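A.B. asks: For reference, the structure I am asking about is given below.
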Amino acid sequence: MSAASEAVGIEAGPEERFEYVLRLADTSLIAGQRLAALLGHGPALEEDLALGNIALDLIGQARLLLALAARIEARGRDEDALAFLRDAPEFRNVSLVEQPNGDFAQTIVRQCLLDAWQVEMYESLAGSRDLQLADIAEKALKECRYHWRFSAGWLVRLGDGTAESQARVRAALASLWRFTDELLSPDALDARMAVCGIGPAPALIRERWQSRLRVTLAEAGLDWPAHQHYRWHGKRGEHTEHLGHLLAEMQFLPRAYPGATW
Amino acid sequence: MVSQAAADAATLERRVWRTLESVMDPEIPVVSVVELGIVRQVRVGPDGRLRVGITPTYSGCPATEVITQMIRAALDQDGFADAALETLLWPAWSSEWLSESGRRKLEAFGIAVEGTGSQSPVCPRCASRRLERVSQYGSTPCKAHYRCLECLEPFDVFKCL
């Protein structure tokens, strides 16, 4: 079912559309920045290249989405201004993606939880009434499916691997699971975008995300973690302490040297 | 009957395609941006303005900007300086857009092409189909890394999204 079938002719205003696109954009941007920090530090050359390529896709998606947000906002900011000149409380990414890279299991689990969500979101958003958003979603979907193949493959290998890899992937799941509820719990904006036919029905995303992960966790020999309530609201700018450190590194150059070019 | 204006537009479009066929991919200099399916559209609009539509292969491909600059330079040089360059995201690029000649040139260059569906790539060196995938990812966003189990040669595969 596409997002458009939810439409009942209610028009969304530019402010809420801007906010909604920012959530998607910032989630990709911060996830991409996290993975980019692993360049040269991957456990093997192949994984290093893989994580770098996934980072590149995510940052590319973020750029397209931020440019769209900038056009919706129409206040003279471009995608660079949005990426580099906002402070942490103005970022709208989900809290999951700002969590540190940790060990390889932590990186893979974080990516896997995100990939499953992005695949379902973009699949649905490809049918959005907002055609510019739909075009980006269709392109991002192809890339995210490929990311999921990588991260889910590793989740299974780690879970079904040695006692050490299994212990690490269990610990990573236990530590990151509390951030998943934010992905799946709709707030007023998510609900409104669904009604307007721009975003997917949140219940649908929850159901599909869960069934996708259930299969992979079972294959990995990992138990479905117990439900944990979330206390973080990255979607409305209330972030964990990690985001500020990430932004300090990401934004340093354009802030210290405004207008710098290659 | 075709009007003179339409015939002129068709001739102009044809000349622009010729120009673009000479623009090679900066990472894989044996194939042109036309053969890769990056140039999606050349048309003269109702206002008489020439428009060239290009699409990125992968959202974050760093070559996209270089390719845009190269296309711009080629258009300027061949007298199409007033052409407008537009980025088209839809329909999303797919390796199916790779032309048959592009596919052959890539293979001659040592890059196999992942076919659609069940069609598996073949080793560009010995044409064997006994291959193993070393990594889903490779040296650029559009490639994966394989090894031939027959001649043991490692090689890149232009991947299929």
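The values are calculated or read from the model by the stated rules, or taken from the named source; none is laboratory data. Just so it is clear, the model here is predicted, and its values are computed rather than measured. Heads up, the Cβs are rebuilt from the backbone with ideal geometry, glycines too, and the neighbour counts pull from every protein chain shown.
A.B. asks: Say we look at region B:16-52 and pick out the residues that are part of a helix (DSSP H, G or I) and in contact with a Phe, Trp or Tyr (Cβ under 8 Å, 6 or more places away or on another chain); which of these is farthest from the other protein chains (Cβ to nearest Cβ)?
C.D. replies: Filtering region B:16-52 for residues part of a helix (DSSP H, G or I) gives B:16-21.
If we keep only those that are in contact with a Phe, Trp or Tyr (Cβ under 8 Å, 6 or more places away or on another chain) as well, we get B:16, B:19.
Details: B:V16: 24, B:T19: 27 Å.
The selected residue is B:T19.
A.B. asks: Let me ask you something else. Looking only at residues that are among the charged types (D, E, K, R) and more than 16 Å from the chain's Cα centre (by Cα) in region A:27-62, which one is nearest to the other protein chains (Cβ to nearest Cβ)?
C.D. replies: Going residue by residue through region A:27-62, those that are among the charged types (D, E, K, R) are A:34, A:46-48, A:57.
In the following step, the residues that additionally are more than 16 Å from the chain's Cα centre (by Cα) were identified as A:46-48.
Values: A:E46: 4, A:E47: 8, A:D48: 9 Å.
Looking at the filtered set, the residue picked out is A:E46.
A.B. asks: Only one of these conditions is not met by B:R18: (1) surrounded by fewer than 13 Cβ atoms within 10 Å (Cβ to Cβ); (2) of a type outside the set (D, E); (3) within 20 Å of B:A92 (Cβ to Cβ). Which number is it?
C.D. replies: (3)
A.B. asks: Among the residues of region A:139-153, is there at least one that is over 18 Å from the mean Cα position of the chain (by Cα), part of a helix (DSSP H, G or I) and more than 14 Å from chain B (Cβ to nearest Cβ)?
C.D. replies: No, that holds for no residue.
A.B. asks: For region A:215-262, give me each residue that is in contact with a Phe, Trp or Tyr (Cβ under 7 Å, 6 or more places away or on another chain) and of a type in the set (S, T, Y).
C.D. replies: A:Y230, A:T240
A.B. asks: Looking only at region A:63-73, decide whether some residue is surrounded by fewer than 20 Cβ atoms within 10 Å (Cβ to Cβ), away from every other protein chain (no Cβ under 14 Å) and of a type in the set (K, R).
C.D. replies: Within region A:63-73, not a single residue is surrounded by fewer than 20 Cβ atoms within 10 Å (Cβ to Cβ), away from every other protein chain (no Cβ under 14 Å) and of a type in the set (K, R).
A.B. asks: Tally time: how many residues in region B:117-152 are touching a Cys at 6+ places or on another chain (Cβ under 6 Å) and either modelled with pLDDT of 90 or more or loosely packed, with under 13 Cβ neighbours inside 10 Å (or both)? Show your work before the answer.
C.D. replies: Going through region B:117-152, the residues touching a Cys at 6+ places or on another chain (Cβ under 6 Å) turn out to be B:123, B:125-126, B:128, B:131, B:141, B:148, B:150-151.
Among the residues that remain, those that are also either modelled with pLDDT of 90 or more or loosely packed, with under 13 Cβ neighbours inside 10 Å (or both) are: B:123, B:125-126, B:128, B:131, B:148, B:150-151.
Residues meeting the conditions: 8.
A.B. asks: Does A:Q118 fit the bill of being part of a helix (DSSP H, G or I), surrounded by fewer than 23 Cβ atoms within 10 Å (Cβ to Cβ) and on the phi < 0 side of the Ramachandran plot?
C.D. replies: Working: part of a helix (DSSP H, G or I): yes; surrounded by fewer than 23 Cβ atoms within 10 Å (Cβ to Cβ): no; on the phi < 0 side of the Ramachandran plot: yes.
When the stated conditions are applied, A:Q118 does not pass them.
A.B. asks: Kindly indicate whether A:R92 is surrounded by fewer than 17 Cβ atoms within 10 Å (Cβ to Cβ), away from chain B (no Cβ under 14 Å) and assigned to a loop (DSSP other than H, G, I, E, B). Before you say what the answer is, go through the steps one by one.
C.D. replies: Details: surrounded by fewer than 17 Cβ atoms within 10 Å (Cβ to Cβ): no; away from chain B (no Cβ under 14 Å): yes; assigned to a loop (DSSP other than H, G, I, E, B): yes.
No.
A.B. asks: Identify all residues within region A:204-248 that are buried (at least 17 other Cβ atoms within 10 Å of the Cβ) and of a type in the set (S, T, N, Q); write none if there are none.
C.D. replies: A:T216
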